[in-house]
Every structure is written in C-alpha cells, then in structure tokens.
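Data block below; observations after.
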Amino acid sequence: MRVLITGGAGFIGSHTVVSLIGSGHEPVIVDNLSNARESVVGRIAEITGVRPEFHRLDVRDSEGLRRVLDAGFDACMHFAALKSVGESTEEPLRYYDNNVSGTVSLLEALATSGVRFLVFSSSATVYGEPTTLPVTEDMPTGSAANPYGWTKIMMEQVLRDLQLADPTWNVALLRYFNPVGAHHTGLIGEDPQGVPSNLMPYIARVAAGLLPHLSVFGGDYPTPDGTGVRDYVHVMDVAEGHVAALDTLAGRRGVHVYNLGTGRGHTVLEVVKAYEETTGRPVPYEIVGRRPGDVAASWANVDKAAEELSWRASRDLAAMCADSWRWQTTAR
Ligand code: NAD
Ligand code: UD1
C-alpha cells in the first residue's frame, strides 16, 4: 500500500517506515522537521536500500498536504505531534494548535483526497491513573495530567466523531506504552533535544558519561522496589505493530483500539540494572521525590492485538538496552 506517514522522520515514524518498506509497502514521509533531521531519510535508505519520498511540510498546511495527496494514497499513519509533557504545561496553546488543529487539518485533506484509512499514534497516557492492571482497551479514558495528554484524548475523540459522521472511515487507535530502544543497526533512534525527560534516553546519557547520574523519581510507590513500573516496548516491535494493523484492518470500517506493549512491567531500578548488565557501564542514581503527574504503575493487556492483529512484541528488555546503547554510541 502507498501510505502517507506524517512525522515519519521522527523516532517511531522512522522505524515504522523501515518496517513498511521491509513488508513491501510504499511509505511517503511528510515532516516539518520540528523534532527530527532530514538525514534520517538517508539512514532509512542505508538500512532498507530504498529512499522513501520525503516532503518537508507542516500538517497544518492543508493546501500543501492536498498537493502531496494528489498522487494517490491507500492509507495514512499519523505520528506528527509535539510530545514533551513538561513543555506542554508551559506552552499549552502551541500543543493544542500543533496536535489537535494539525490533526483536523490532516483529516480534512485526507477526506478531500478520498483517503479514509488512518492509523493513529495514541498513548497509554489516555488511561490516566489505571484502576486495574493490566490495562485493557475498554478501560475508560480518564482525565489527563497535562496538556500533552489532553491532546491525545481530544484527538481520539475527533477521530471517533468523524467516524460516526462518516462510517466509511477506518481508524486504528494504537495506544503505545513506553517505546524505547532503536533499530539494531544503530543508524536510527531517538534523539531528544537537550536533557532527556524520558527514562531510557536519560540512562543512555548517564552510561555514556554525558550526565553525572540518574534521578529516580520516587522510591515509595506500592511496587516491588518502590520505583515506578512501566511497560517498556521495543520501538521495532511498535513499528511492526503498525504494519500488522495496516495489513489486517485494510478494507474494514470502524474505530479499532489496540494497546501496543509487551504485557509486562519493569521498575525503574530493573531498567537501570538491565542497562548496566547489557552495556557493562555503571549507571549511578539517586532516589529523589516523585515527579508530579506520574502514575505508580502501568502495563498493558496485549491479548486484543495478539488475537486480532496476530501481533506480539518479541524483543526483551536486554535487546531494548543493547539497541539503545548501540544508537547512543553511533556517530551522528
Ligand atoms: P518524535 O518527536 O520523534 O516524532 C514526531 C515527528 O513529528 C517529528 O519528526 C516532528 O518533526 C514531526 N512533527 C511534529 N509536529 C509536526 C507538524 N505540525 N507537521 C509535520 N510534522 C510534525 O516523537 P515520537 O516519539 O516518534 O512520537 C510519534 C508519535 O507517537 C507522537 O504522536 C507521540 O505523541 C506518540 N507517542 C509517543 C510515545 C513515546 O514514548 N515516544 C508514546 C506514546 C505516544
Ligand atoms: C511519559 C509521559 C507520557 C508520555 C510518555 C512517552 C509524564 C508524566 N508522562 O511517560 O505522557 O506518553 O512519557 O513519551 O511525563 N523516571 C525517572 N527518572 C527520569 C525519567 C523517568 O525515575 O529521569 C521514571 C518515571 O518516574 C517513570 C519511568 O521512569 O516511573 C518512566 O518515565 P518516562 O520514560 O518519562 O515515561 P512515562 O512517565 O511513563
């Protein structure tokens, strides 16, 4: 299938482009490069032998989108969004404009061009503080702790309302848990600007000696060692989940919701230990106060994706750490 990939130069988008090419699809990237570099396109070509078409474009530019869409597409995967939780509390309007208005603009362009199959990057953040674990897709989407989380809840609602109004739409809401790691070649990965706010990129920089130590946010949660529990999932597994959704749901109508996780949780200290064991590098840490807005524990029930998409994450925490480290130590 010919697939428009918004945000395809970013972390999860670029890995998905690699998987799509490997599965015989034809991804076309649009990205405004607000959080990515164009050199990623060359890296994808190095990995796959195919250089995907790339357009530097903002999804809020509906005119520009329509011109790209004129070439004819079967589906769209919508990754383009701003995703820094802290920044979203400081600049909420920028987040609502980029994420929510950007999605509306994209949907208008897709509808005009006759593309009604969309795979959307949602997040476990829409569940808020989980009432039961593991988290299933039918749990109510709660209230978010920050504007970034609200944009995800709002975008899911926009997509549901659109599909109600026009039942020919086919929408997959993929709720990622904690995507980490990198492509095993070390050629593409996550490249946060400044000091990372997410755990694994932060650990990678501590292990590389670029940051002195990790601050562990909270040591008094009701978890096995008192630190937060999350469902870390390898980004290539997440990428393959997108290909499975595309292949399985093509030609269907409706709104289809899937958790993309491994189905098991790890504490912060387990991740630190796994990183040290995999890389042989020390990761000094200090336990500090809880981070506002954090939940104690979150991990996915992944049965629905296994049953309906025949997809299951296959890479373990050691592989996530090894690939994160290879990316951290590859020149770029
Ligand atoms: P990323 O920042 O690496 O990728 C997003 C890409 O979108 C970037 O390349 C950026 O330049 C581009 N972009 C942003 N706004 C744009 C716009 N208006 N027009 C065109 N391009 C634009 O982030 P990621 O980690 O790859 O996340 C991809 C998607 O998955 C996002 O929607 C994010 O909210 C969602 N998500 C990510 C995680 C995670 O842990 N990384 C978890 C849950 C959900
Ligand atoms: C965070 C976001 C979430 C977003 C997700 C993916 C918050 C509150 N939530 O989720 O909305 O969808 O990233 O981008 O920011 N930790 C430390 N020290 C650190 C960093 C993290 O101890 O320096 C801990 C956290 O407290 C948490 C775990 O590591 O227990 C994972 O944190 P992180 O990688 O930021 O992911 P989430 O908090 O799950």
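The values are calculated or read from the model by the stated rules, or taken from the named source; none is laboratory data. Treat the numbers as computed from the prediction; the structure is a model and nothing was measured. For neighbour counting, all protein chains shown are included, and Cβ atoms are generated from backbone atoms with ideal geometry for every residue, glycine included.
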(Q) Consider segment 225-237. How many of its residues are closer than 17 Å to residue 301 by Cα and either basic (Lys, Arg) or out of contact with any Phe, Trp or Tyr (no Cβ under 6 Å at 6 or more places or on another chain) (or both)? (A) 5
Q. On the given criteria, is residue 73 more than 20 Å from residue 193 (Cβ to Cβ) and aromatic (Phe, Trp, Tyr)?
A. yes
Q.
Yes or no: segment 141-157 includes at least one residue that is touching a residue at least 60 places away in the same chain (Cβ under 8 Å), on the phi < 0 side of the Ramachandran plot and away from ligand 2 (no atom under 16 Å from the Cβ).
A. no
Q. From the residues in segment 298-311 that are in a loop (DSSP other than H, G, I, E, B) and in contact with a Pro (Cβ under 9 Å, 6 or more places away or on another chain), which one is surrounded by the fewest Cβ atoms within 10 Å (Cβ to Cβ)?
A. 301
Q: List the strands (runs of 3 or more DSSP E) that sit entirely inside segment 1-119 and contain at least 1 residues that are more than 16 Å from ligand 2 (Cβ to nearest atom) and in contact with an Asp or Glu (Cβ under 9 Å, 6 or more places away or on another chain).
A: 2-6, 26-31, 53-56
Q) Can residue 28 be described as over 17 Å from the mean Cα position of the chain (by Cα) and surrounded by fewer than 22 Cβ atoms within 10 Å (Cβ to Cβ)? A) yes
Q. Among the listed residues 268, 216, which satisfies the condition of being within 16 Å of ligand 1 (Cβ to nearest atom), at pLDDT 95 or above and among the hydrophobic types (A, V, I, L, M, F, W, C)?
A. 268
Q: Determine the pairs where a residue that is farther than 16 Å from residue 142 by Cβ, located within segment 292-305, has a partner that is among the hydroxyl-bearing types (Ser, Thr, Tyr) with Cβ atoms under 6 Å apart, the partner being 6 or more residues away or on another chain.
A: 301/136; 304/258; 305/258
Q: Please state which one of 70, 74 is touching a residue at least 24 places away in the same chain (Cβ under 8 Å), more than 13 Å from ligand 1 (Cβ to nearest atom) and touching a Phe, Trp or Tyr at 6+ places or on another chain (Cβ under 9 Å).
A: 74
Q) When you look at residue 143, is it near ligand 1 (Cβ under 10 Å from one of its atoms), modelled with pLDDT under 95 and either buried (at least 21 other Cβ atoms within 10 Å of the Cβ) or not β-branched (Val, Ile, Thr) (or both), yes or no? A) no
Q. Looking at segment 213-246, which of the residues that are assigned to a loop (DSSP other than H, G, I, E, B) and among the acidic types (Asp, Glu) is nearest to ligand 2 (Cβ to nearest atom)?
A. 231
Q. So, in segment 261-297, of the ones that are polar (S, T, N, Q) and not in a strand (DSSP E or B), which residue ends up farthest from residue 200 (Cα to Cα)?
A. 262
